[in-house]
1. Just to confirm my numbers, what's the Cα centroid distance between the stretch 177-206 and the stretch 229-246 in Å?
2. Taking the simple approach of a point 7 Å from Cα along Cα-to-Cβ for both residue 135 and residue 245, what is their distance in nm?
3. If a/c stays under 1.5 just call it rounded; otherwise compare a/b with b/c (prolate if a/b is bigger, oblate if not). Do that for the stretch 148-190, with a ≥ b ≥ c from the square roots of the Cα gyration tensor eigenvalues.
4. Give me 156, 233 ranked fewest to most by other Cβ atoms within 10 Å of their Cβ, as a rough exposure proxy.
5. How much length is gained if the chain between residue 165 and residue 58 is pulled fully straight, taking 0.36 nm per residue apart and subtracting their Cα-Cα distance, in nm to one decimal?
6. Straight distance only, please: which lysines reach the Cα of residue 46 with their own Cα at less than 24 Å, same-chain residues fewer than 8 apart left out?
7. If you rank 187, 49 by fewest surrounding Cβ atoms within 10 Å, what's the result?
Amino acid sequence: MRKLIPFSMLLIGVASGLLFAGRTNAQARSDSVINLDRKADVRQVKLDWVYSIYRLRSVSGLKVPVQLAEYNDKKEITLFVDFGKDGSQMRKSFSYDPDSTTVTFLDPNGVGSESGRLKFAPNSNIPIETDLCPEYVERKEEILNSSDSLSVETCSDGSARATTLIEKDFRGCVIRELRTDVKKRTWEYRMTYNSQRRLVHLLFLVNDRKNPTYWQSVQYVDHKFDDKGNLISYVSTLLTSLTGNHIVDQLKAEISYEYGNKVSPSN
């Protein structure tokens, strides 16, 4: 599947790290490698999770790949990989010209493929977004007298697809993201930060109009940074509405970087 998105309206960045990765769980949403504040000439960022509690069970050092992103010398993303269950992957390549950005879904061999034909099993059993048009154009609308923004998706036949509202606080931190599709289903993220602008809590709510509202609550502690100011690890704990107050997952997120040949600045 190929989607043409106006270059000037592209939403890659802190406000929408998983724009092209699809709707996912709160854990992956906040961990998006695109979301990281990279202070160096980074060409590749990789995210792994190392579990101490996995699916309510204590484990020791269970490490799984989560996401990978590659960038060109203009700091534009060129490849995004989402790792799923049973070795499955969702790969997307990005190509740029002066007026637009083209996103192509790839099969495991790197060949272009329609997303519906790819065998990908997300690492989550939450309600996911389905039955929407596969090809669409997206534009971003700024909200007057506010740092908030609205992303509007329109199908290739001109019909509505979905909207995503991004709200920020006075520091520029994204505190709420609300996605509503044409079927009136909603995916909402609510973020809380500390005085250092580090994410400490994320609440994820899903209403698919079929089941009771699903929620995930994620706490983040022990943030660690390298000498360039890049986030390299933290510990997170996940609760869900499916298991009440029992800890579902507890893990250490590890982020690794590959840099270009330029001298990287330091803090």
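Every read-out reported here was derived from the displayed coordinates using simple, explicitly stated rules and does not represent laboratory data. These numbers were taken from a predicted model, which means no experiment stands behind them. Neighbour counts run over all protein chains shown; Cβ positions are idealised from the backbone, glycine included.
1. Between the Cα centre of the stretch 177-206 and that of the stretch 229-246, the gap is 14 Å.
2. 5.3
3. It comes out oblate by the Cα gyration axes.
4. 156, 233
5. 34.8 nm is the gain from fully extending residue 165 to residue 58.
6. Output for residue 46: 63, 74, 75, 85, 92, 119, 224, 228, 252, 262.
7. Lowest count first: 49, 187.
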